[in-house]
Each structure stands twice: as C-alpha cells, then as structure tokens.
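Structure first, commentary second.
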Amino acid sequence: MEITEVGKICLRCMKTSDDVGICPFCGREKSGQLTWSKALAPGTVLNNKILIGNILGKGGYGITYIGYDMLLEYRVAIKEFFPDEMVDRAEDGKTVLVLDEVNGEEYQKETTAYLREARVLAEYSKFPGIVAIKDLFYENNTGYLIMEFLENGTLRKYIDAHGGWLGVEESLELMEPVISILGRLHQSGLIHRDISPDNIMVLKNGTLVLVDFGASKDVDGSHSLSVVLKPHYAPEEQYRTKGKQGAWTDIYALAATIYHCITGEAPDESIQRLYEDELQS
C-alpha cells in the first residue's frame, strides 16, 4: 500500500492537494507553523505513518496536534504525553527529556499510567459519548494517543450559535451520551478531571462526545493529585493538591456544564461559593 506524499498534505488543515504553497481548502501556507518551541515541528512523522501538523491545544499534561494517517489516509488528532513541569524537548526536536530535578522513575511511572489509562479509553470508545481512539504507541520516550479528528466545534460554540442558552430538556437530552459514558469510565476507576463546554464536541449528527483526557487519572478517591482544573467548572477539591478526588469531581463539573447550557453562563467558581454562594438555582 502506498503512503500519501507529505508534500501534498497541508500541515494546517491536513487536507490533500497538488497545489504548492497555498492550500486551496484553508487558504493558508501548507507548511504549517510551530507555535510553541517545545512542540513537535509540523511535518514530523511518528510511527512511520502519522504526520504531525499544527497544535490544536496544550495543557499541563500534554500537547494535542492535528495530524494525518498517511497509510489509512484520514485526519486524526494526536495527544502527546508531555507533562511540561517534568520534561523538555531534546535538540533533535523529537525526544522527550526528563528535567534534571525530576526523578526519572517517577516520569516513567507517569508515562506508564498514561498509556494504561489510554487503553481504558480505547476499550470504551466503542460506546457513544466519547471520542474514538484509533491507535496508541510509545515513541520519543513518551506516549501518543491517536484519536478521531472532530471539526464540528465545541459545546460552547454550539450554545453560542443557538441563542446563548438551551432549554432544560434539550440540555439534558444532549448530555445523555456524556453522562452515560462517564458512568462507565467511573466504574472502571477512571476520572476525567477536566469536563467543561470546551472539552465536549458536537458531531455532525448533533451528538455530543467527551474529549481531551489529558488530565484523566485512575484513582480510588484517596490519592493526592496535582492541581489541574478548569475555573468555574472544577469543584473545590481540585484547587488543593491533597483534595480527595473521585467520580464526584466529574459529577460537579458535569453539573456546572449543564448549568452553563441552561443559563448561558458559567457558574461562580466553587472556591468562591465556599465563602459566599450566590448561585441562582
């Protein structure tokens, strides 16, 4: 089977054409742009077939890129495990290096946990409500999760496009697949920790799917976890390194997201509500 020529692929939108220079689909330079010095450069090839494009987003635990599977010929999203407080990029532009002040064994433990949690996600990606996992592999001293590329926009954009708020029944009906898949993930011991209208995507058929599992963890509710949170949607325990987190953490964020759907506004931050709760019910 032939692999698509790299030069035909726009590194910004990952659509193919014979045009040189400007992409006829997105109207931009096909060469892409490195927007963060620690990221993989557009044009990098992983696993002998996954072409890296521009950054879609980055957080404390990883970098998400748009990409292209040159063997199967479809666009993908790539999540690279890159906990930036623990690592840096080597001079070769690919290899992930553990910082001198970081315990190498601790990084390997975190990487192994990331790959293990990704396998759990892959197992559940056959159900509605979660982004489809296409592949998982280890390279450059880190893990890569290859996911379905979704381009229809976020729940936040959907709300804005529909008058700024949704009805109660519509909101609950839309969120049903996400609620269902969260229940399955929680039964497996996995929590998301970053649920918000920005991490829920809308498919072409209008169905919602949960994405961005960069902060997900396999916990039993008794472990101390790093502070990873989305203001307005995170419960108070996520503001503390020793805050006890579990399924209830996701349930709060899910409820805050539904509140946003119905009212058109994000709720007050949970840490503020502890002192003075003025949230309208």
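The values are calculated or read from the model by the stated rules, or taken from the named source; none is laboratory data. Note that the structure is a prediction, hence the values are computed from the model and not measured. Counting neighbours? That spans all protein chains shown, and the Cβs are built from the backbone with ideal geometry, glycine included. Side chains included, ligands, DNA and RNA excluded: accessible areas come from the protein's heavy atoms. Shrake-Rupley method; radii C 1.70, N 1.55, O 1.52, S 1.80 Å.
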Relative contact order %, the range 38-146, counting alpha carbon pairs below 8 Å whose residues are six or more apart: 20 percent
Only Cα pairs within less than 10 Å get springs; with that Gaussian network setup on the chain, which residue of ALA41, ALA234, ALA161 has the largest fluctuation? ALA161
Would you mind getting me the FRET efficiency between LYS242 and ASN205? Use the beta-carbon distance for r and R0 = 51 Å, nearest 0.05. 0.75
R0 = 25 Å: FRET efficiency of LEU72 with ASP19, Cβ-based, nearest 0.05? 0.65
Compute the Cα gyration tensor for the chain, then decide on rounded, prolate or oblate, letting a ≥ b ≥ c be the square roots of its eigenvalues: rounded whenever a/c is under 1.5, prolate when a/b is larger than b/c in the other cases, and oblate in all that remain. oblate
Cross-link partners among aspartates and glutamates for LYS244, C-alpha distance below 15 Å, same-chain residues fewer than 8 apart left out? ASP218, ASP220, GLU236
Strictly under 4.7 angstrom between C-beta atoms: which cysteines of the chain have no such partner? CYS261
Using a 7 Å offset from the Cα along the Cα-to-Cβ direction at both GLU169 and ILE3, what is the distance between the two label points in nm, to one decimal? 5.3 nm
For LYS157, list the lysines whose Cα falls under 24 Å from its own Cα; do not include residues on the same chain fewer than 8 positions away. LYS15, LYS58, LYS79, LYS204, LYS230
Can you tell me how the range 103-179 classifies by the Cα gyration tensor, rounded, prolate or oblate, using a/c under 1.5 as the rounded cut? prolate
Given the options SER270, SER37, SER196, which has the most mean-square fluctuation in a GNM of the chain, springs set between C-alpha atoms less than 10 angstrom apart? SER37
With a cut-off of 8 Å between alpha carbons and a minimum separation of six or more residues, what is the relative contact order of the range 24-68 in percent? 27 percent
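What net charge is computed for the residues neighbouring GLY53, neighbours being all others with C-beta under 11 Å from the C-beta of GLY53, Lys and Arg scored +1, Asp and Glu -1? Don't skip to the answer; put the middle values down first.
Working: positive: ARG12, LYS15, LYS30, ARG75; negative: none.
The answer is +4.
Evaluate E = 1/(1 + (r/R0)^6) for GLU29 and GLU278, where r is the Cβ-Cβ distance and R0 equals 51 Å; express this FRET efficiency to the nearest 0.05. Walk me through the intermediate numbers first.
Details: r = 49 Å, r/R0 = 0.96.
The pair GLU29/GLU278 has a calculated efficiency of 0.55.
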GNM of the chain, Cα pairs under 10 angstrom: of LEU166, LEU71, LEU185, the biggest fluctuation goes to LEU71
Okay, helix-only estimate at 222 nm for the chain: each DSSP H run of n ≥ 4 adds -39500 (n - 2.57), divide by all residues, round to 500 deg cm²/dmol; what do you get? -8000 deg cm²/dmol
Residue ranges of DSSP H helices in the chain that stretch 18 Å or more (Cα, own long axis) and have mean Kyte-Doolittle hydropathy of at least 0.0 are 168-187, 247-263
ALA161-VAL45 pseudo-label distance in nm [points 7 Å out on the Cα-to-Cβ vector]: 3.5 nm
How do TRP248, TRP36 rank by accessible surface area computed with a 1.4 Å probe, from largest to smallest? TRP248, TRP36
Tell me whether the range 1-138 comes out rounded, prolate or oblate; compute the Cα gyration tensor, take square roots of the eigenvalues as a ≥ b ≥ c, and use a/c under 1.5 as the rounded threshold. oblate
In whole angstrom, note down how far apart the Cα centers of the range 47-82 and the range 234-281 are. 31 Å
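So what is the relative contact order of the chain, in percent, for Cα pairs below 8 Å that sit 6 or more residues apart? Display every interim value, and only then the final one.
Numbers: 529 pairs, mean separation 33.5, N = 281.
Relative contact order for the chain comes out at 12 percent.
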Hits among aspartates and glutamates - C-alpha to C-alpha of LYS8 under 16 Å, sequence gap 8 or more where chains match: ASP18, ASP19, GLU29, ASP69, GLU73
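Could you calculate the contour length gain from LYS38 to TYR124, that is, 0.36 nm times the residue separation minus the distance between their Cα atoms, to one decimal place in nm?
Values: separation 86, 0.36 × 86 = 30.96 nm, distance 3.12 nm.
Going from the current span to full extension adds 27.8 nm.
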